[in-house]
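Down below is the structure, laid out as structure tokens.
The values are calculated or read from the model by the stated rules, or taken from the named source; none is laboratory data. The model shown is predicted, which means the values in this text are computed figures rather than measured ones. Counting neighbours? That spans all protein chains shown, and the Cβs are built from the backbone with ideal geometry, glycine included. Accessible surface is based on the protein model in full, side chains and every heavy atom, while ligands, DNA and RNA are left aside. Shrake-Rupley method; radii C 1.70, N 1.55, O 1.52, S 1.80 Å.
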Amino acid sequence: MHRRTLLASLVTLPFAAPLLAQAAQIGVNTPFPPLSPERIKAIAPAAEQAAWLDYLTRSQAQLAADQAALMAERKGLSIIPADPKTGDGEKTMPLDKPVEWYASAEGRKVADNIVSFQTPAGGWGKNQPHDSEPRAKGQHFVAGNSLQTKPAGDFDAPTVPGWSYVGTIDNGATISETRFLALAFNATQDVRYRDAAIRGLTYLLNAQFPNGGWPQVWPLMGGYHDAMTLNDNAMISVSRLVGDAGRGETGFAFLPGDLRTRLLAAEQRALAVFLKSQVVIDGKLTMWAQQYDALTLTPSSARNYEMPSLSSSESGSLLVYLMKQPNPSAEMKAAIVAGVATLEATKIEGKAFEKTPDGKDRLLVDKPGAGPIWARYYDLKTMKPIFGNRTKTLHDTINDVEPERRRGYSWFGSGPQSALKAYVAWKAKHG
């Protein structure tokens, strides 16, 4: 079955309950099926199965090696060091400082910390500050694992307790560390920084799916983390990084030629899968989802309240990235035109998503002259805004979302406006 026909046939699957007029609940979110040999053999074309099975085997072997490395360090220790502290990791890794800062004691302290916490696979964990002391022997590679105690049935519950996000591209992880190390090497010529940056880029090459996408976590950890992940611009940021590095830009001129060739090829595979995964509804190209089943390229769920849907935020960011490509193909041009048209059709004007006067809630309110804003998610069939609860129920109005999720999630935003602005100049050049 052709991918676009498949998408059109599956857009109603996430909704277990029928769509009733004025119903408070329009469906129930369902969990993402992780990558497995059984699914590969059942879904992947015969010519592609060997590549997918090899990918899965390599992931499983690397997971075992990562865990064995930590256990070997801990053998004989009388006290296991506490997990690293969590926090705003990106804030501690500035990428816009003068060259001399990266050679300063402050800059080198960050670089040394980053090197010490690199996983055996070559990646890094997320939400981890790097302006403190280096990793101690036997300390976990990533922060927050002792807190991974989600209840059974939660889509974010770890497959292996105490082993979550051990190498990830979520929240800028691995991407920021690799870029920082490149800057640090250029400023200091310390080969430890060069070698760790190369290991970070090699990690990203190893983590890339056979179809050109990237999972949120590698080695794979199960659940929606195995999905091809655009969420929070993860895959866009990786594609941009491997492209910059492959061209020797943003401090990566030191990379060997063979690695640069592989990185450029990785970016091209990513660009190709971006075009393949643009969602088609009623025969028309629209926007993109934030997660995809990598085997079928159909939108998938993530956390309990994140359903298969069109995602305006990631679509806007991806469109800006695509518009920066120097020689867009006819297919890429069509994708950009359709994506921008969909953003134009779904924008919301005259409303704002604001806190209530007591600060205890957030509501979508009338506000003449405000906007445009977009709902974060749009239904795959109706292209109307859609919302979710931690209880996995799906709704067509923000008013039916529980107050905790209404306050604590970006259900509306103005980010896609950047794509509309960029399109004016792009259309003048390529339209």
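Could you grab me the full set of residues in region 218-237 that are under 9 Å from the mean Cα position of the chain (by Cα) and at negative phi?
Of everything in region 218-237, those that are under 9 Å from the mean Cα position of the chain (by Cα) and at negative phi turn out to be M228, T229, L230, N231, A234, M235, I236, S237.
Given the residues P219, P215, which is the only one that is closer than 23 Å to S164 by Cβ, crowded, with 23+ Cβ neighbours inside 10 Å and either charged (D, E, K, R) or out of contact with any Lys or Arg (no Cβ under 9 Å at 6 or more places or on another chain) (or both)?
That would be P215, the only listed residue that is closer than 23 Å to S164 by Cβ, crowded, with 23+ Cβ neighbours inside 10 Å and either charged (D, E, K, R) or out of contact with any Lys or Arg (no Cβ under 9 Å at 6 or more places or on another chain) (or both).
In region 330-373, which residues are in a loop (DSSP other than H, G, I, E, B) and surrounded by 12 or more Cβ atoms within 10 Å (Cβ to Cβ)? Don't jump to the end; show me each part of the working.
Taking region 330-373 as the starting set, the residues that turn out to be in a loop (DSSP other than H, G, I, E, B) are 347, 349-350, 356-361, 367-372.
Across region 330-373, the qualifying residues are K347, G350, T356, D361, K367, A370, G371, P372.
Within region 272-285, how many residues are aliphatic (A, V, I, L, M), open to solvent by 10 Å² or more (accessible area, probe 1.4 Å) and part of a helix (DSSP H, G or I)?
Number of matching residues: 2.
Six or more apart or on different chains, Cβ under 9 Å: which pairs go from a residue in region 342-369 that's over 18 Å from S410 (Cβ atoms) to one that's open to solvent by 50 Å² or more (accessible area, probe 1.4 Å) and in a strand (DSSP E or B)? Could you list them?
T342/K284; G350/D366; D366/K351
Taking region 303-319 as the region of interest, how many residues are crowded, with 24+ Cβ neighbours inside 10 Å and acidic (D, E)?
Total satisfying the criteria: 1.
Within region 403-424, track down each residue that is over 22 Å from the mean Cα position of the chain (by Cα) and free of Cβ contacts under 8 Å to residues at least 24 places away in the same chain.
E404, K421, V424
Which members of region 174-208 meet the condition of being under 22 Å from the mean Cα position of the chain (by Cα), surrounded by 21 or more Cβ atoms within 10 Å (Cβ to Cβ) and not aliphatic (A, V, I, L, M)?
T174, S176, E177, T178, R179, F180, G200, Y203, Q208
Which of the numbered conditions does D83 fail, given that it passes all the others? Conditions: (1) assigned to a helix (DSSP H, G or I); (2) surrounded by 11 or more Cβ atoms within 10 Å (Cβ to Cβ); (3) not small (G, A, S).
All conditions are met except number (1).
Step by step: first the residues of region 398-424, then only those that are of a type in the set (G, A, S) and either part of a helix (DSSP H, G or I) or in contact with a Ser or Thr (Cβ under 8 Å, 6 or more places away or on another chain) (or both), then the one that is surrounded by the fewest Cβ atoms within 10 Å (Cβ to Cβ). Which residue is that?
So, considering only residues that are of a type in the set (G, A, S) and either part of a helix (DSSP H, G or I) or in contact with a Ser or Thr (Cβ under 8 Å, 6 or more places away or on another chain) (or both), the one surrounded by the fewest Cβ atoms within 10 Å (Cβ to Cβ) is S410.
Does E48 satisfy the criteria of being touching a residue at least 24 places away in the same chain (Cβ under 8 Å), open to solvent by 40 Å² or more (accessible area, probe 1.4 Å), among the acidic types (D, E) and over 19 Å from A294 (Cβ atoms)? Break it down into steps so the answer makes sense when it comes.
Details: touching a residue at least 24 places away in the same chain (Cβ under 8 Å): yes; open to solvent by 40 Å² or more (accessible area, probe 1.4 Å): yes; among the acidic types (D, E): yes; over 19 Å from A294 (Cβ atoms): no.
For E48, the condition - touching a residue at least 24 places away in the same chain (Cβ under 8 Å), open to solvent by 40 Å² or more (accessible area, probe 1.4 Å), among the acidic types (D, E) and over 19 Å from A294 (Cβ atoms) - is not met.
Please determine whether any residue of region 117-132 is open to solvent by 80 Å² or more (accessible area, probe 1.4 Å), of a type in the set (V, I, T), within 23 Å of I169 (Cα to Cα) and outside any helix (DSSP H, G or I).
Let us first name the residues in region 117-132 that are open to solvent by 80 Å² or more (accessible area, probe 1.4 Å), namely 131.
From the residues that got through so far, the ones that are of a type in the set (V, I, T) too are none.
No, region 117-132 contains no residue that is open to solvent by 80 Å² or more (accessible area, probe 1.4 Å), of a type in the set (V, I, T), within 23 Å of I169 (Cα to Cα) and outside any helix (DSSP H, G or I).
Report, by residue number, each residue of region 25-81 that is closer than 30 Å to D400 by Cα and of a type outside the set (G, A, S).
Passing the criteria: Q25, I26, V28, N29, T30, P31, F32, P33, P34.
Among the residues of region 128-146, count how many are within 23 Å of P219 (Cβ to Cβ) and either among the acidic types (D, E) or modelled with pLDDT under 95 (or both).
Final tally of qualifying residues: 4.
Out of region 94-116, which residues are open to solvent by less than 10 Å² (accessible area, probe 1.4 Å) and not polar (S, T, N, Q)?
Passing the criteria: Y102, G107, V110, A111, I114.
Which pairs do you get when a residue that is open to solvent by 10 Å² or more (accessible area, probe 1.4 Å), found in region 286-302, comes within reach of a residue that is β-branched (V, I, T) and part of a loop (DSSP other than H, G, I, E, B), reach meaning Cβ atoms under 8 angstrom, with the pair 6+ apart or on two chains?
Final answer for the pair search is P299/V279.
Across region 256-270, which residue is nearest to R192 (Cα to Cα) among those that are among the hydrophobic types (A, V, I, L, M, F, W, C) and surrounded by fewer than 19 Cβ atoms within 10 Å (Cβ to Cβ)?
L259
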